[in-house]
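Below is the structure I would like to discuss, written out as structure tokens.
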């Protein structure tokens with residue numbers, strides 16, 4: 001089975017115009033969608049990825065959160081906040097991805 005990165009690369013190469021539009025949408029929404037600061041936006045994306053159990057996005061969002069100055073403690077807190085709403089098993093899975101990422 002093809003890995004997620006390989007599949008992503010395939011989509012980007014095969015459907016470049018669609019990828020570019022989607023990428024631009026995400027960028028504009030992230031940068032100009034509202035008043036939240038950069039760190040908060042990435043912590044929210046970490047939590048959403050954790051709750052969705054989308055490991056690839058979670059890994060990417062953890063990396064980007066670290067790059068903009070989020071601490072490990074802040075990222076872990078964002079993941080722990082998933083438990084009451086999305087469930088303890090999703091939190092534990094995300095915590096494992098987080099720990100593997102470090």
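The values are calculated or read from the model by the stated rules, or taken from the named source; none is laboratory data. Keep in mind it's a predicted model, so treat the numbers as computed, not measured. Using ideal geometry, Cβ is built from the backbone for each residue, glycine included, and neighbour counts are taken over all protein chains shown.
Under 23 Å from residue 102 (Cα atoms), over 12 Å from the mean Cα position of the chain (by Cα) and at pLDDT 95 or above - does that describe any residue in the range 53-67? It would help to see each step written out before you state the result.
Residues of the range 53-67 that are under 23 Å from residue 102 (Cα atoms), as a first pass: 53-67.
From the residues that got through so far, the ones that are over 12 Å from the mean Cα position of the chain (by Cα) too are 67.
Those still in the list that are at pLDDT 95 or above too: 67.
Looking through the range 53-67, at least one residue is under 23 Å from residue 102 (Cα atoms), over 12 Å from the mean Cα position of the chain (by Cα) and at pLDDT 95 or above.
What are the residues in the range 35-63 that are surrounded by fewer than 14 Cβ atoms within 10 Å (Cβ to Cβ) and in contact with a helix residue (DSSP H, G or I) (Cβ under 9 Å, 6 or more places away or on another chain), if any?
Selection gives 36, 63.
Could I ask something else about it? Does residue 82 count as in contact with a helix residue (DSSP H, G or I) (Cβ under 6 Å, 6 or more places away or on another chain) and surrounded by fewer than 16 Cβ atoms within 10 Å (Cβ to Cβ)?
Numbers: in contact with a helix residue (DSSP H, G or I) (Cβ under 6 Å, 6 or more places away or on another chain): yes; surrounded by fewer than 16 Cβ atoms within 10 Å (Cβ to Cβ): no.
When the stated conditions are applied, residue 82 does not pass them.
Then there's this: Residues that are more than 24 Å from residue 86 (Cα to Cα) and out of contact with any strand residue (DSSP E or B) (no Cβ under 8 Å at 6 or more places or on another chain), at least 2 per element: which helices (runs of 4 or more DSSP H) completely within the range 15-67 meet that?
Working: elements: 16-32, 38-52, 55-67.
In the range 15-67, 16-32 are the helices (runs of 4 or more DSSP H) which contain 2 or more residues that are more than 24 Å from residue 86 (Cα to Cα) and out of contact with any strand residue (DSSP E or B) (no Cβ under 8 Å at 6 or more places or on another chain).
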